[in-house]
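Shown next, in structure tokens, is the structure this report addresses.
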Amino acid sequence: MRVVVLVHPGSLFASGAAQVDPETHASVVEGVTIDIGSADGLLVIDGFLSDAVPADFELLLADSFAAAEERGHPGLRLWGCDAGEAPWPGWAPRGQGAGPVHADQAAAARAAAPLLADASAIVVTGAWATRDGSSGCVNAVADALRDSLGGTVPVLVSASALCEEMMLDAFDDDDGIAP
């Protein structure tokens, strides 16, 4: 059973679209979509921007949750916002056994870890990461899962994760004017 963990999908679409060039952003979204489509189980960890997830992507998630549950695999949606924001009105958790709302994304991952212990591999994607694994919400979730599962399940960060290294420079250093 291969489980995909999608971290902060709203950031993928909101801050990702604002801070990454359109071609790179489209490529990342396509990669994340492929990751989700190839998963047996799915864990989504939402944050305060998750209400910005487009309707067509929400349909993909709903279909993926239903397919996972039909196969008897985890289909979970938890709240774990590192900004400290509470879920917005109408946000709906999915699945049982991990508690719906957590202090941040790492706490949500730790709560879900026992439900993912039978996975053959866990792939973490979403927003944001660094290529060297030193920071970002995606890396925090991967580290929390590795620690919680004690190395019994391989936990990988997807090549499709939205990385800080992809960000556009906010200002041109010479004149202080946004490009």
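Of note:
- Just one of the listed residues (Asp173, Asp104, Asp118) is at pLDDT below 95, of a type outside the set (Val, Ile, Thr) and on the phi < 0 side of the Ramachandran plot, and it is Asp173.
- Unmet criterion (only one of (1) under 17 Å from Ile36 (Cα atoms); (2) in contact with a Cys (Cβ under 8 Å, 6 or more places away or on another chain); (3) loosely packed, with under 15 Cβ neighbours inside 10 Å) for Arg131: (1)
- Region 67-84 - residue that is touching a strand residue (DSSP E or B) at 6+ places or on another chain (Cβ under 7 Å) and aliphatic (A, V, I, L, M) and, of those, farthest from Val44 (Cα to Cα): Ala68
- Residue pairs whose Cβ atoms lie under 8 Å apart, sitting 6 or more positions apart in sequence or on different chains, and linking a residue in region 11-25 that is more than 13 Å from Gly47 (Cβ to Cβ) to a partner that is not hydrophobic (A, V, I, L, M, F, W, C), are Ala17/His25; His25/Gly16.
- Considering the conditions (1) touching a Phe, Trp or Tyr at 6+ places or on another chain (Cβ under 8 Å); (2) surrounded by 19 or more Cβ atoms within 10 Å (Cβ to Cβ), Val4 is excluded by exactly one of them, (1).
- Filtering region 28-84 to residues that are under 23 Å from Ala18 (Cβ atoms) and acidic (Asp, Glu) leaves Glu30, Asp35, Asp46, Asp51, Asp56, Glu58, Asp82.
- Pairs, first within 21 Å of Ala121 (Cα to Cα) and among the hydroxyl-bearing types (Ser, Thr, Tyr) in region 37-66, second open to solvent by 10 Å² or more (accessible area, probe 1.4 Å) and not in a helix (DSSP H, G or I), C-beta under 8 Å, six or more apart: Ser38/Arg2; Ser64/Ala39
- Contact map, region 99-110: first residue open to solvent by less than 20 Å² (accessible area, probe 1.4 Å), second residue among the charged types (D, E, K, R), Cβ cut-off under 7 Å, separation 6 or more or different chains; pairs are Gln105/Asp82.
- The set of residues from region 143-153 being within 17 Å of the chain's Cα centre (by Cα) and either in contact (Cβ under 8 Å) with a residue 60 or more places away in the chain or open to solvent by 50 Å² or more (accessible area, probe 1.4 Å) (or both) comprises Asp143, Leu145, Arg146.
- Total residues in region 91-128 satisfying the condition of being charged (D, E, K, R) and under 29 Å from Ala18 (Cβ atoms): the figure is 2.
- Filter pass, Ala142 being at pLDDT 95 or above, aliphatic (A, V, I, L, M) and out of contact with any helix residue (DSSP H, G or I) (no Cβ under 9 Å at 6 or more places or on another chain): no
- Selected residue [surrounded by fewer than 19 Cβ atoms within 10 Å (Cβ to Cβ), part of a loop (DSSP other than H, G, I, E, B) and small (Gly, Ala, Ser)] from Ala39, Ala83: Ala83
- Flag if His25 is assigned to a loop (DSSP other than H, G, I, E, B), crowded, with 18+ Cβ neighbours inside 10 Å and not acidic (Asp, Glu): no
- Annotation note: of Gly72, Gly90, the sole residue that is within 23 Å of Leu145 (Cβ to Cβ), out of contact with any Gly (no Cβ under 8 Å at 6 or more places or on another chain) and not in a helix (DSSP H, G or I) is Gly72.
The values are calculated or read from the model by the stated rules, or taken from the named source; none is laboratory data. What you see is a predicted model; the values in this text were computed from it and never measured. Note that we place each Cβ from the backbone using ideal geometry, even for glycine, and neighbour counts take in every protein chain shown. To get the accessible areas, we keep the full protein, side chains included, count just its heavy atoms, and leave off ligands, DNA and RNA. Shrake-Rupley method; radii C 1.70, N 1.55, O 1.52, S 1.80 Å.
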